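J.: Pasting a structure below so you can have a look.
The values are calculated or read from the model by the stated rules, or taken from the named source; none is laboratory data. What you see is a predicted model, and the numbers here were worked out from it, not measured in a lab. Cβ coordinates were reconstructed from backbone atoms using ideal geometry, including for glycine residues, and neighbour counts include every protein chain displayed. Side chains are part of the model used for accessible areas, which takes the heavy atoms of the whole protein and leaves out ligands, DNA and RNA. Shrake-Rupley method; radii C 1.70, N 1.55, O 1.52, S 1.80 Å.
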Amino acid sequence: GFLPQKMKESGFDALWLSLGTTIDRARVNVSDLYFERGPDVAWSGVGWKFKLCDVDGDTCKEVYHHSFDIDFVAGKIEIPVGKAKTAFASTLSLTDMSSFSMTGLIDSVAAASGIPSTGVVVEDISFQILTKVAFDPSVTKEQAVKTVAKANDVGESEVVLTVAGRRLDPSDVGRRLAAVEYDSMITVKDVIKATAVMASSADVTLLTAVQKEIAPAAPAPKVTEAPAVKIVCKFDLVSETDKPVEVPSDAAMSSKLSATLGTTVTADVDEGSVSATLQTENGAAPVAGFAQGRPDGTGIASAADLAAPAAALFVAALSALASALAGGRA
């Protein structure tokens, strides 16, 4: 039957098939054939891997292969009328993607928020793989971008290199110029691709091989800092009532994510992104009194928030009273 897609947000499932047969000398193999559904039960993806081989005794020679993987527009979860929705953004920092999954992400946010996993919607997600690379000064920035992009099998538009400085390797003391070190950021939208880039961005052998194609005369590049990843997420928390769900704290998010994913995760909620709406017959309406940018989501200011204006009002009242008394004496 249809099984949950662990690398996608809640509501996606897929039917997976693999089959093969041999007819005379022709062996046909179809693997990873899948049909995926989105949250609204619409088809959201399909793909397969096909291979045709010529069988001659104990040998099997591949004569044709084909594969495709298509992601359609993902379905969206409809917010029921009378239910509240809290929206917020958060950045997650970690150094290991091997155990990351969308299911783990959603379950962790749900646990930190005190709601079921079905109430968490990932509206948007992007993965920023960060590292440092150093190239010989003879390699132009354009060539460096091409090298990094090809080595990581991404488009050049997904690579941003920023000069971090110059780095002198002790073994290169005889050279006049130090290598140019870059802060490298590769941004992708897919968790599987992000996991692959985390591995390839640390592979200096692969980086060197690609540079030889683009700048063959230049000395080998170096990876000067191990890759890490920042995951930029936009979430919706769907309440079971008309009261908005409180946005979880950084500490709660970090703790739940670290425990679920089995690696240290640091969460940073963007307080300026927090908002809440109530779904009505006419669409989403802002929730009155909801504290914009406050992770507690209650709309009630803290004592620290009230202290300064209260003190100012008290001083103003005393001044007004003093003026009135002085006028009465005159």
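J.: I'd like the full set of residues that are of a type in the set (Val, Ile, Thr) and surrounded by 12 or more Cβ atoms within 10 Å (Cβ to Cβ), limited to region 17-34.
T.: In the first step, residues of region 17-34 are kept if they are of a type in the set (Val, Ile, Thr); the result is 21-23, 28, 30.
Within region 17-34, THR22, VAL28, VAL30 meet the criteria.
J.: If we scan region 99-108, do we find a residue that is farther than 24 Å from GLY38 by Cβ and either at pLDDT 95 or above or open to solvent by less than 20 Å² (accessible area, probe 1.4 Å) (or both)?
T.: Going through region 99-108, the residues farther than 24 Å from GLY38 by Cβ turn out to be 99.
Next cut, either at pLDDT 95 or above or open to solvent by less than 20 Å² (accessible area, probe 1.4 Å) (or both) only: none.
Scanning region 99-108 turns up no residue that is farther than 24 Å from GLY38 by Cβ and either at pLDDT 95 or above or open to solvent by less than 20 Å² (accessible area, probe 1.4 Å) (or both).
J.: Something else: Return yes when ALA220 is part of a loop (DSSP other than H, G, I, E, B), open to solvent by 20 Å² or more (accessible area, probe 1.4 Å) and of a type outside the set (Lys, Arg) and no when it is not.
T.: Taking the combined requirement at face value, the residue satisfies it.
J.: A further question on this structure: Return only the number of the condition from (1) at pLDDT 95 or above; (2) in contact with a Pro (Cβ under 7 Å, 6 or more places away or on another chain) that VAL159 does not satisfy.
T.: In the conditions (1) at pLDDT 95 or above; (2) in contact with a Pro (Cβ under 7 Å, 6 or more places away or on another chain), VAL159 misses (2) alone.
J.: Moving to a separate point now. Return the total of residues in region 84-97 being open to solvent by 50 Å² or more (accessible area, probe 1.4 Å) and closer than 8 Å to THR263 by Cβ.
T.: Total satisfying the criteria: 2.
J.: Which ones in region 192-208 are in contact (Cβ under 8 Å) with a residue 24 or more places away in the chain and farther than 13 Å from ASP96 by Cβ?
T.: Residues of region 192-208 that are in contact (Cβ under 8 Å) with a residue 24 or more places away in the chain, as a first pass: 192-198, 200-203, 206-207.
Residues satisfying the conditions are ILE192, LYS193, ALA196, VAL197, SER200, SER201, ASP203, LEU206, LEU207.
J.: Right, something else. Give me a count of the residues in region 108-151 that are assigned to a helix (DSSP H, G or I) and touching a Lys or Arg at 6+ places or on another chain (Cβ under 8 Å). Walk me through how you get there before you give the answer.
T.: Initial filter on region 108-151 (assigned to a helix (DSSP H, G or I)): 108-113, 117-119, 141-151.
After this cut, where a residue has to be touching a Lys or Arg at 6+ places or on another chain (Cβ under 8 Å) as well, the list is 108-109, 111-112.
Residues meeting the conditions: 4.
J.: Is it the case that THR131 is under 26 Å from VAL269 (Cα atoms), of a type in the set (Val, Ile, Thr), in contact (Cβ under 8 Å) with a residue 12 or more places away in the chain and open to solvent by 40 Å² or more (accessible area, probe 1.4 Å)?
T.: Values: under 26 Å from VAL269 (Cα atoms): yes; of a type in the set (Val, Ile, Thr): yes; in contact (Cβ under 8 Å) with a residue 12 or more places away in the chain: yes; open to solvent by 40 Å² or more (accessible area, probe 1.4 Å): no.
No: the conditions fail for THR131.
Yes/no matrix, rows are residues, columns are (1) small (Gly, Ala, Ser); (2) surrounded by 17 or more Cβ atoms within 10 Å (Cβ to Cβ):
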position	(1), (2)
THR195	no, yes
VAL210	no, yes
ALA228	yes, no
VAL232	no, no
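J.: While we're here: If a residue must be open to solvent by 60 Å² or more (accessible area, probe 1.4 Å) and part of a strand (DSSP E or B), how many such residues does region 42-59 contain? Spell out the reasoning first.
T.: First, pick out the residues of region 42-59 that are open to solvent by 60 Å² or more (accessible area, probe 1.4 Å): 43, 48-49, 51, 56-59.
Of the ones still in play, those that are also part of a strand (DSSP E or B) are 43, 48-49, 51, 56, 59.
Going through region 42-59 one residue at a time, the tally reaches 6.
J.: Condition first: charged (D, E, K, R) and either surrounded by fewer than 20 Cβ atoms within 10 Å (Cβ to Cβ) or part of a helix (DSSP H, G or I) (or both). Now tell me which residues in region 237-269 satisfy that. Talk me through it step by step, then tell me what you get.
T.: Applying the first criterion (charged (D, E, K, R)) to region 237-269 yields 240, 242-243, 246, 250, 256, 268.
GLU240, ASP242, LYS243, ASP250, LYS256, ASP268, listed by residue number.
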